[in-house]
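Comments concern the structure below.
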Amino acid sequence: MRKPIIAGNWKMHTTRAQARELAAAIVSGCVGLSDRDVLLAPPFTALSQVSREVSGSSIIVAGQNVCWQEQGAFTGEISPAMLFDCGATAVIIGHSERRQLFGEDDKLINRRIHGALAAGLLVVFCIGETLAHREAEKTLDILKSQLHWGLTDLVGDSLASVIIAYEPVWAIGTGKTASSGQAQEVHGFIRAEIGRMYKKEIAENLRILYGGSVKPDNIDDLMAQPDIDGALVGGAALDAESFNRIINFTQQI
Ligand code: 13P
């Protein structure tokens, strides 16, 4: 059984004080929820505050990126040890904003994933197609390529510490959500592809999250799909009331 996970990616939002307040409100929203995981990815500057605020709860704290090197002359980068030092135990890698706005390519993303896993971080590996890819009916080809490049040279055992987030770029921050049926089709494809790359059993245990305009009013439909194991939430994760409603999605039996 895959345990659902709801993740909030705060992107470049929140001062330390705002982050503390938001984290505290989210802690209150998850009291008693043991059948699902919750992950928060604040900006690096607020990691320590958020970690402190959620300590004693089961909330997982994540960085929004990580360097593959342990230390050295890498201006602007953060090492796995630095994330652990701030209380984070997970990291988002390959977000489409990193790919599109900061030129991160599949090879770089693969290096980051290797570094993060070697250090013992839980990795949320993001993939997704653009609108142009979708319109050209290239969605599955692109996702397959991102999966193969991103996971190059990773052994099956490492997949136990990887979560895949499918985020169609055209649905991020646009208010356009993939329909639950569209998302399910892609999630089913990703799971099958992982089964081909590794083993069926590994694919069956892998959690695959959907991201892109997830809101309180579409979360229940998304979570009712058999291959959607959670959500990676942007905008709605910045509002405690919305995020708490998303966390408390209705579990289908
Ligand atoms: P939105 O929920 O704002 O569309 O953002 C999705 C996202 O990019 C999460 O990583």
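The values are calculated or read from the model by the stated rules, or taken from the named source; none is laboratory data. Being a predicted model, the structure only gives us computed values, none of them experimental. Cβ atoms come from the backbone with ideal geometry, glycine included; neighbour counts cover every protein chain shown. Accessible surface areas use protein heavy atoms only, side chains included; no ligands, DNA or RNA. Shrake-Rupley method; radii C 1.70, N 1.55, O 1.52, S 1.80 Å.
The residues of the stretch 1-157 expose on average 49 square angstrom of accessible surface per residue, using a 1.4 Å probe on protein heavy atoms. Note on the chain: with neighbouring protein chains present and a 1.4 Å probe, carbon and sulfur make up 51 percent of its accessible heavy-atom surface.
Charged side chains reduced to their Cβ positions (Lys and Arg at +1, Asp and Glu at -1) give the chain a dipole of some 200 debye around its Cα centre.
Checking every one of the GluC sites (Glu not before Pro) in the stretch 101-154 against DSSP loop status and a limit of 15 other Cβ atoms within 10 Å picks out 137. Dipole of the chain computed with +1 at Lys/Arg Cβ and -1 at Asp/Glu Cβ about the Cα centre; of 136, 82, 147, farthest Cα towards the positive end is 82.
Packing around the peptides 210-222, 139-151, taken as the average count of other Cβ atoms within 10 Å per residue, puts them in this order, highest first: 210-222, 139-151. For the chain, the number of Lys pairs separated by eight or more positions or lying on different chains, with C-alpha atoms closer than 21 Å, is 11.
Scalar couplings 3J(HN,Hα) for the stretch 235-247, obtained by applying the Karplus form with A = 6.51, B = -1.76, C = 1.60 to θ = phi - 60°, are x, 6, 7, 8, 10, 4, 5, 5, 5, 5, 5, 5, 4 Hz; x denotes Gly and Pro.
Secondary-structure-derived ellipticity at 222 nm for the chain, considering helices only, amounts to -11500 deg cm²/dmol, per-run term -39500 (n - 2.57) for DSSP H runs with n ≥ 4. Label sites at residue 105 and residue 24, each approximated as a point 7 angstrom past Cα along Cα to Cβ, lie 4.7 nm apart.
Between amide H atoms placed 1.01 Å from N, distances below 5 Å from residue 165 occur with 125, 126, 127, 209, all of them 5 or more places distant or on a separate chain.
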